[in-house]
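One structure below.
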Amino acid sequence: MDLLIRGGTVVDGLGGPPRRADVRVRQGRIAEIGDGLGRDGEEVIDATGAYVTPGFIDTHTHFDASLYWDPLCDPMLQHGVTTVLIGNCGLGLAPLRKEDREGLVNLFAYIEDLPAHVLRREIPWAWEDFPGYARDMAQRSFGPNVSLLVSHSLLRQWVMGDDAWSRAATPAEIARMTQQLGEALSCGARGLSSSFFDRTAQGDFVPSAFADDAEFDSLFRALGARGAICQIIPRVWDCELAIEDLERLGVPAGRHKVTIISNGIYQRPDDPTAHVRLQDCARRLEAAGAKVRHLASPRPIELPFRLNDCFAFGTISAWREVVTTTADKAAMLRDPDWRARARADWAGSGFSRRTELTRITHASKAELQPWVGRSLASLAAERGGDVSDVLADWFLDNDLDAQLVVPISNLDYDAVAAILADPVNIISGSDAGAHYQMFSGAGDSTLVLTRHVRERPDLTLEQAVKKMTADQAELLGLSDRGALAPDKAADIAIFALEELHWGAEFMVEDVPGGGRRFTRPPGGVRHTIVNGVLAHSVGADVRELPGRMM
């Protein structure tokens, strides 16, 4: 049904000032924008007292797997998001031979904190090559629109087999990889995703980390020929190594006119100028002809420490052994040799500098409950000894059923505001769809609009909307999205600033098989329209799936 949105204030997504106007939608596209439009058989949506904006775009999500059991991408529509990009971080679902499937399931489950048994059972795995995957996606419907990246690591494994995990490619292998990338781009992929950062549960780097300059040059040539992008995770925990990675990729990016989207940029208590240096790096590279954009989430980044399925601990070698072992975890925690290695590994990690901020969030023993809410530093001060030993003893005292949370970044809202406002940064990077046993990445759009537009304010509404719509559509080559204008696709969010709220995440048990995940309450967006279809309305149980693979 066609729509007429009446009585609202239009924010066009292009940075123009808000203006009173009605919006007519016909056959999934914006037909007309003007004041006082008359009804011509359309369903009328009353937008009195609200803003009418383009639907928000989230350029960094991991809904690849969960689309198969949650096509709504809950709760993205309830926060005004109408397009999500998947296939980030060098992870995806194709190309993938059957014999390599179990390895990918374990890798995806570990890095993105998803239950492996659900990935095995719920993903149909009806393809091997990327065209087959694209055909499967094209016949499905979703809540928001879905755009794809192709995984660099999977391209390498498709061509090189097990050697992809240990060496550079030969010229012949590079040629085959480039051909496969071209096929994926022809099937709708928006670009390539790669990683210099991620490791397996055993501590091995993913295949893309072994790519040499010749490989990147050939792949970037294919990307540039089609106006595609490269999303990269540099070695993010060390700013200087991240800059080294970006400068390395800046050479082929400038040569072939490929935009690099780097994940991510944060305010870091342990390195207060890191975000400034990364921004300066992007400006230097742009002056030299290479466009780099950092993805910036407004959300405080917090990671849990627990022993059953913890990606955060997986970055510390000795503790990773405990997380991944199928043997007796308690015996390992008591072992003197393990403790010696754990002390050294802990001391060399960034977490050792955050003990004052690391807080205890769960204790299984009643007598230990008074510690909940207190810091790891205070526990270590009272008990004495090395922090790593204190932590091991804490898990033992709780029969291994304990959790701590460590804030990593984005704790200084003034610095976060400066990051969000900088032109080399894109407001995105939610990670929604991943780590959902650790946190909910949904709702970043609402957090920006509440904290950084309504409450502080750090951005004007038109600045914030542009950064979450038109700027990202331009990056992804979505020429008919990201703006309210005649002939554009009717992806629209309708909200009143004073009605928005960024609620605390909470746990639900709706993962197939009774699994749990964190989600976030609706954000107060009145209506979300995808491809001209009303996909969300406050107070109504709308279950439309108007989204399509882009």
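Of note:
- Antiparallel DSSP beta bridges within the chain, as percent of all bridges there, nearest 5: 55
- Lysine pairs with alpha-carbon atoms under 23 Å apart, the chain, spacing 8 or more or separate chains: 7
- Convex hull per residue volume in Å³, alpha carbons only, for region 451-498: 75
- Within region 28-68, the ratio Rg/Rh, alpha carbon atoms throughout and Rh by Kirkwood, equals 1.13.
- For the listed peptides 536-546, 445-455, 431-441, a ranking on the average number of other beta carbons within 10 Å per residue, highest first, reads 431-441, 445-455, 536-546.
- When the alpha carbon gyration tensor of region 443-550 is reduced to an equivalent ellipsoid, the three semi-axes, largest first, read 24, 21, 14 Å.
- Viscosity 1.567 mPa s, 4 °C: Kirkwood-radius Stokes-Einstein D of the chain over Cα pairs, µm²/s: 53
- Size of region 493-550: Rg and Dmax of its alpha carbons, in Å, are 13.8, 39.
- Protection proxy ranking, peptides 351-360, 329-338, 393-402, average beta carbon neighbours within 10 Å, highest first: 351-360, 393-402, 329-338
- Candidates per GluC sites (Glu not before Pro) in region 216-291, loop by DSSP, up to 14 other Cβ within 10 Å: none
- Translational D in µm²/s for region 160-214 (Stokes-Einstein at 25 °C, 0.890 mPa s, Kirkwood Rh from C-alpha pairs): 199
- Pairwise FRET efficiency - Glu102 versus Thr170, Cβ, R0 = 30 Å, nearest 0.05: 0.65
- Estimated 222 nm signal from helices in the chain, with DSSP H stretches of n ≥ 4 weighted -39500 (n - 2.57), rounded to 500: -9000 deg cm²/dmol
- The Cβ shell under 13 Å around Arg226 holds other residues with a net charge of +2, Lys and Arg each +1, Asp and Glu each -1.
- Over all pairs of different C-alpha atoms in region 384-512, the reciprocal of the mean inverse distance, the Kirkwood hydrodynamic radius, equals 18.0 Å.
- Spread over its residues, the convex hull of the C-alpha atoms of region 20-93 is 131 Å³ per residue.
- Rounded to two decimals, the Cα-based Rg/Rh of region 90-163, with Kirkwood Rh, is 0.95.
- Rg in Å to one decimal, and Dmax rounded to a whole Å, for region 304-408 via C-alpha atoms: 12.4, 33
- FRET efficiency estimate (nearest 0.05) - Cβ-Cβ, Glu247 to Gln179, R0 22 angstrom: 0.20
- Length-normalised contact order of the chain in % [C-alpha pairs under 8 Å, at least 6 apart]: 22
- Size of charge dipole - the chain - debye, nearest 20, with Cβ of Lys, Arg +1 and Asp, Glu -1, no other charges: 740
- Packing-based ranking, highest mean first, of 73-86, 167-180, 520-533 given that Cβ atoms within 10 Å are counted: 73-86, 520-533, 167-180
- Farthest positive-ward along region 304-408 dipole, Cα basis, beta-carbon charges - from Leu333, Pro304, Trp394: Pro304
- Förster-model FRET efficiency, 41 Å R0, Glu32 and Asp414, C-beta, rounded to 0.05: 0.45
Quick note: the coordinates plus some simple rules give every number you see, no bench work behind them. Worth saying up front: this structure is predicted, and the values here are computed from it rather than measured. Reconstructed Cβ throughout: ideal geometry from the backbone, glycine too, with neighbour counts over all protein chains shown.
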